[in-house]
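Trainee: Sharing a structure below in structure tokens format, with a few things to ask.
Bear in mind these aren't lab numbers, they're just calculated from the coordinates by the rules spelled out. Quantities reported herein were computed from a predicted structural model and do not represent experimental measurements. Virtual Cβ from ideal backbone geometry, glycine too; neighbours counted across all protein chains shown.
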Amino acid sequence: MASIPSSDHQPINTTDAWRALAAHAATTVDGDELDLTRLFDTDPERAARFTVEAAGLYVDFSKNLVTEETIGLLADLADAADVAAKRDAMFSGRRINTTEDRAVLHTALRRPATDVVEVEGEPGVNVVDEVHEVLGRMSAFANRVRSGEWTGATGQAIETVVNLGIGGSDLGPAMAYRALRPFARPPHSHWDLDVRFVSNIDPTDIHEALLDLDPETTMFIVVSKTFSTIETLTNAKTARHWLVDALGAEAVGRHFVAVSTNEERVADFGIDTTNMFGFWDWVGGRYSVGSAVGLSLMLAIGPDGFREFLSGMHDVDLHFQSAPAAENLPMLIGLLGIWYGNFLGAETQAVLPYSDHLSRFPAYLQQLDMESNGKRVTKDGRPVTVDTGPIVWGEPGTNGQHAFYQLIHQGTRLIPADFIGFIHPSDPIGDHHDLLMANFFAQTEALAFGGNSGSDESDLQRAFPGNRPTTTIVAERLDPRTLGALIALYEHKVFTMGAVWGINSFDQFGVELGKVLATAITPELQSTSDLAHDASTNALITRYRNHRAG
Ligand code: G6Q
């Protein structure tokens, strides 16, 4: 097992770097030195100096509440926490997920075939070879389905793919499919391969997904790392009944494939393991969209599109590994998160994509960030001494503008926000895109510089104080490569923050608790046995039982 870096044995807030930032925060806030209007007025070069471009992403940090000194001190903090050494340990296959004794190698999923990476303690096994072997099988399969060569049991081509998975086995491909739908038409075909995602155990989810589908042209991908998740297995059983009722049991092999690390359970479920695509324990669920978990995405956008998506991730991996902290996009975004969360009192982080295709991106980042850094114990088992992961939330613009932006503009809380926009529209129609982007630029301007300030009371109601921090991320267009880059940007942002706090960003015991608790209550709902919960839970279950029976 990888040893815990010595920097993690010292509480981060007792380091000189942390104290220097605390002192800097006190003087700059009290001295009103973080006033964006003044910072821009006194430094005509500010926009240029606080903008970094890498991997196709143009990121303007200048509307953040920072000076060059702040960035220098944050870089010192990254040094004190050994972020670069921890990053290198992750990329090289060290078992940095110490509670589960696992390597963390989602970055190996997007490496070129010529690279070599071995998991610590497993010499001689190049995981990159294994990755490319599975990618090759996925590509061959995707080509067969997309060309119509793979047929269902009655000889018809597949027109709809239903992904059955939850959490990390759903959010990544669901978000990415929504983002890249304009790239989803198989060449020479007359139909768009429709991909649907069923995750919730609520029967409505699968009911509505199957309502208008034809079993003869439908394929199910059961995605579960463990192949023991109750939601996914329940949905998979329901889907199998639906198919078998229509086409008979012998049809299952043509209509079901699996993505999992657990071959035995896949076989027990009745899926032919030649139609199974594997991945590895060193790929965490929320980091798995670049593995076979992304099979539904590959079926939609094709193997070439999927490889572009992986290349975008790899571009950011290389940048994260090589750029100095002050020019390193994921590190900067992560360190700004530390600045706002730990020194300026922000509790949340908004993510506001100006693209309807990114409507699931905030939810995706919510899992990535909150499941990774929602931790209260450091890697060496002591309670943390500072606040950790922020609450991540957001909605696409301009919808959010007509809803919650009020609070960001005029509320009492500090809400740092990332704005994400594109030069070219995914779906060019009239002047929609210019109108969208006019709002995008106007919002960050108003948040930074405010307006309408007056002195009498009615003016105050209408005044916008400004000085609300934003980071603006602009890319040419939302294509597979750009989406890959955006995902890796945030993965490594989350890594950076976890590394500074000295926590393990790669386990998720909180998620696992939910799986255990519900399993205990399910039989109680279907019996009249005595209940031994707290009084509230007993009363709720009893009411449910009585009213269900009624
Ligand atoms: C992700 C989490 C969690 C997980 C789901 C599904 O990092 O661990 O969201 O992905 O609980 O698990 P399975 O893939 O094992 O079904």
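Trainee: Mind running the shape call on segment 122-249? Use the C-alpha gyration tensor, a ≥ b ≥ c as the square roots of the eigenvalues: rounded below 1.5 for a/c, prolate if a/b tops b/c, oblate otherwise.
Mentor: Because a/c hits 1.5 or more and a/b fails to exceed b/c, segment 122-249 counts as oblate.
Trainee: Let me ask you something else. With θ set to phi - 60°, apply the Karplus curve 6.51 cos²θ - 1.76 cosθ + 1.60 along segment 357-366 and write out the HN-Hα couplings as whole Hz, x wherever there is a Gly or Pro.
Mentor: Values per residue, Gly and Pro as x: 5, 9, 4, 9, 5, x, 5, 4, 5, 4 Hz.
Trainee: Among bridges DSSP assigns within the chain, what percent are antiparallel (round to 5)?
Mentor: 25
Trainee: Let's test this: bin the Cα-Cα distances of segment 418-484 at 10 Å from zero up to the farthest pair and state each bin's percent.
Mentor: Per 10 Å bin, starting at 0, the Cα pair percentages come out as 19, 36, 26, 14, 5, 0.
Trainee: Just for the Cα atoms in segment 259-405, what are the lengths along the principal axes, largest first, rounded to whole Å?
Mentor: Cα extents, longest axis first: 55, 43, 35 Å.
Trainee: Given R₀ = 56 Å, what would the calculated FRET efficiency be for Leu213 paired with Asp30, taking r from the Cβ atoms and rounding to 0.05?
Mentor: E(calc), rounded to 0.05, equals 0.35.
Trainee: Rounded to the nearest 0.05, what FRET efficiency do Thr114 and Ala140 have when you use their Cβ-Cβ distance and R0 = 22 Å? All intermediate terms of the calculation are to be shown ahead of the outcome.
Mentor: On the way: r = 21 Å, r/R0 = 0.95.
In this case the efficiency is close to 0.55.
Trainee: If amide hydrogens are placed 1.01 Å from N in the peptide plane, which non-local residues have theirs closer than 5 Å to the one on Val259?
Mentor: Val222, Val223, Ser224, Phe277
Trainee: Set the Förster distance to 41 Å, then compute FRET efficiency between Glu133 and His424 from the Cβ-Cβ distance, nearest 0.05.
Mentor: Once rounded, the FRET efficiency stands at 0.70.
Trainee: Could you calculate the contour length gain from Leu531 to Ala20, that is, 0.36 nm times the residue separation minus the distance between their Cα atoms, to one decimal place in nm? All intermediate terms of the calculation are to be shown ahead of the outcome.
Mentor: Working: separation 511, 0.36 × 511 = 183.96 nm, distance 5.48 nm.
Separation in residues times 0.36 nm, less the Cα-Cα distance, equals 178.5 nm.
Trainee: Let me ask something else. 7 Å from Cα along Cα→Cβ at both Glu68 and Leu460: what's the point-to-point distance in nm?
Mentor: Calculated label separation equals 3.9 nm.
Trainee: I would also like to ask the following. Cross-link list Lys225/Lys515; Lys63/Lys86; Lys63/Lys375; Lys493/Lys515: which exceed 24 angstrom alpha carbon to alpha carbon?
Mentor: The pairs that break the limit, which is 24 Å between Cα atoms, are Lys63/Lys86; Lys63/Lys375; Lys493/Lys515.
Trainee: Compute, for the chain, the length of the dipole vector about the Cα centre, with Cβ point charges of +1 (Lys, Arg) and -1 (Asp, Glu) only. Units Debye, rounded to 20.
Mentor: 860
Trainee: Follow-up. Please work out the C-alpha center-to-center distance from segment 25-74 to segment 108-134 and express it in whole Å.
Mentor: Cα centroid of segment 25-74 versus Cα centroid of segment 108-134: 40 Å apart.
Trainee: Now, a different point. Which shape class applies to segment 247-337: rounded if a/c is under 1.5, otherwise prolate when a/b exceeds b/c and oblate if not, where a ≥ b ≥ c are the square roots of the Cα gyration tensor eigenvalues?
Mentor: prolate
Trainee: Which of the three applies to segment 332-476, rounded, prolate or oblate, going by the alpha-carbon gyration tensor with a ≥ b ≥ c and a/c under 1.5 meaning rounded?
Mentor: oblate
Trainee: Could you check the spin-label model distance between Ser92 and Val516? Points 7 Å from the Cα along Cα→Cβ, value in nm.
Mentor: Placing both labels 7 Å beyond Cα along the Cβ direction yields 3.5 nm.
Trainee: What is the distance in Å between the Cα centroid of segment 145-171 and that of segment 299-340?
Mentor: 30
Trainee: At 0.36 nm per residue, and after removing the present C-alpha to C-alpha distance, how many nm does the segment from Val384 to Ser322 gain when stretched out fully?
Mentor: 19.4 nm is the gain from fully extending Val384 to Ser322.
Trainee: If you don't mind, another one. For a footprinting-style exposure proxy, rank Glu149, Glu100, Glu68 by other Cβ within 10 Å, fewest first.
Mentor: Glu149, Glu68, Glu100
Trainee: Can I ask one more? When the Kirkwood radius is taken over all Cα pairs of the chain, what Stokes-Einstein diffusion coefficient follows at 20 °C and 1.002 mPa s, in µm²/s?
Mentor: Translational D for this selection: 85 µm²/s.
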